[in-house]
Amino acid sequence: MERLTRHGETPVTALAKPFHVSLPAISRHLRVLERARLIQRKRDGRVHRIRARRDGLQDAQKWMAQCAAIWDSNFDALDELLKTQQRKEKRR
């Protein structure tokens with residue numbers, strides 16, 4: 001994803017080059033990202049060009065922010081519970 005956001009539309013073979021993974025394995029990973037609407041594929045004959053979908057990345061970022069807010073809330077509640085427990089134990 002980082003390479004796509006930096007370099008724009010890139011052929012699958014160029015994306016796969018730095019990895020020690022087979023091209024079919026790279027294609028499977030790309031299909032997952034495509035189904036998640038994080039990338040878009042354009043076919044030009046036999047060459048498949050991939051680019052990041054800005055709106056897909058924004059949706060993922062919003063989802064992660066929501067998850068982070070829930071986790072923060074849960075950690076705040078846990079912190080408060082632990083402080084309450086510590087106060088109770090000090091009174092004993």
Can you tell me which residues in the range 30-42 are within 12 Å of E9 (Cβ to Cβ) and more than 12 Å from the chain's Cα centre (by Cα)?
-> Q40, R41, K42
Matching option when the condition is within 29 Å of S27 (Cα to Cα), part of a helix (DSSP H, G or I), modelled with pLDDT of 90 or more and of a type outside the set (F, W, Y), among A65, A77, A69 = A65
Could you list, in sequence order, all residues of the range 1-51 that are polar (S, T, N, Q) and part of a helix (DSSP H, G or I)?
-> T5, T13, S27
State all residues of the range 1-37 that are over 16 Å from G56 (Cα atoms) and touching a residue at least 40 places away in the same chain (Cβ under 8 Å); if no residue qualifies, say none.
-> T10
Contacts under 6 angstrom Cβ, first residue in the range 38-55 being of a type in the set (G, A, S), partner at pLDDT 90 or above, 6 or more apart | A52/I39
Please work out which one of (1) surrounded by 10 or more Cβ atoms within 10 Å (Cβ to Cβ); (2) free of Cβ contacts under 8 Å to residues at least 12 places away in the same chain is the condition K90 fails and give its number.
-> (1)
Of the numbered conditions (1) under 14 Å from the mean Cα position of the chain (by Cα); (2) surrounded by 10 or more Cβ atoms within 10 Å (Cβ to Cβ); (3) charged (D, E, K, R), E2 fails exactly one; give the number of that condition.
-> (2)
Sort out which residues of the range 19-34 are within 13 Å of H48 (Cα to Cα) and among the hydroxyl-bearing types (S, T, Y), and write them in order of number.
-> S27
Evaluate the following for Q58: is it in the same structural domain as G8 (by TED's automatic domain parsing), under 24 Å from R6 (Cβ atoms), under 17 Å from the mean Cα position of the chain (by Cα) and free of Cβ contacts under 8 Å to residues at least 60 places away in the same chain?
-> no
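The values are calculated or read from the model by the stated rules, or taken from the named source; none is laboratory data. Keep in mind that what you see is a predicted model, and the values were worked out from it rather than measured. So basically every Cβ, Gly included, is an ideal-geometry build from the backbone, and we count neighbours across all protein chains shown.
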